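Read through the structure below, which is laid out as structure tokens, and then see the notes.
The values are calculated or read from the model by the stated rules, or taken from the named source; none is laboratory data. Here the structure is a predicted model, which is why all the values come from computation and not from measurement. Reconstructed Cβ throughout: ideal geometry from the backbone, glycine too, with neighbour counts over all protein chains shown.
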Amino acid sequence: MKKIINTTKAPAPIGPYNQAIQVGDSVYVSGTIAMDLGSKQLIKTNIKEETKIVMDYVGEVLQAAGLTYDNIVKTTIFLADMNNFVHVNEVYSSYFKGDFPARATIQADRLPKDANVEISVEARVF
């Protein structure tokens, strides 16, 4: 059985999808970008700040599912510019205690709302 997970503490979907879906012990968090919750406008400051915002939003969605960053088993990061890889890694790594999830990082030609970074995760209930 699948359970839909949404929270007002992260950006509402901008298309026909939910913030996350739980199926059994697995939680699939949709791609998240740095959007202002009030204005619904993209936040474009610098890649480190944008990554922090995205990871904080991912954390809010995980929390709505009763999980934390420790439950993440797979991350996919989409970057508008792979030259930002090292900056994203610096911020991203600070959200984990040492056991990092599996991950793919992809440079995309264009992201929703022309974002610089989008992150989706898969988590498991342990």
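Data table
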{"quantity": "Answer residue from the range 80-102, given it is out of contact with any Gly (no Cβ under 9 Å at 6 or more places or on another chain) and within 20 Å of GLN19 (Cβ to Cβ) and is surrounded by the most Cβ atoms within 10 Å (Cβ to Cβ) among those", "calculated": "TYR92"}
{"quantity": "Filter result for VAL61 (under 25 Å from LYS97 (Cα atoms), modelled with pLDDT of 95 or more and touching a Lys or Arg at 6+ places or on another chain (Cβ under 6 Å))", "calculated": "no"}
{"quantity": "Count of residues meeting criterion [under 13 Å from VAL27 (Cβ atoms) and of a type in the set (A, V, I, L, M, F, W, C)] in the range 55-112", "calculated": "8"}
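Residues checked against (1) surrounded by fewer than 20 Cβ atoms within 10 Å (Cβ to Cβ); (2) within 18 Å of PRO101 (Cβ to Cβ); (3) at pLDDT 95 or above:
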site: LYS2; (1), (2), (3): yes, no, yes
site: LYS9; (1), (2), (3): yes, no, yes
site: ILE14; (1), (2), (3): yes, no, no
site: ASN18; (1), (2), (3): yes, no, yes
site: TYR28; (1), (2), (3): yes, yes, yes
site: ILE33; (1), (2), (3): no, no, yes
site: ILE43; (1), (2), (3): yes, no, yes
site: LYS48; (1), (2), (3): yes, no, yes
site: VAL54; (1), (2), (3): no, yes, yes
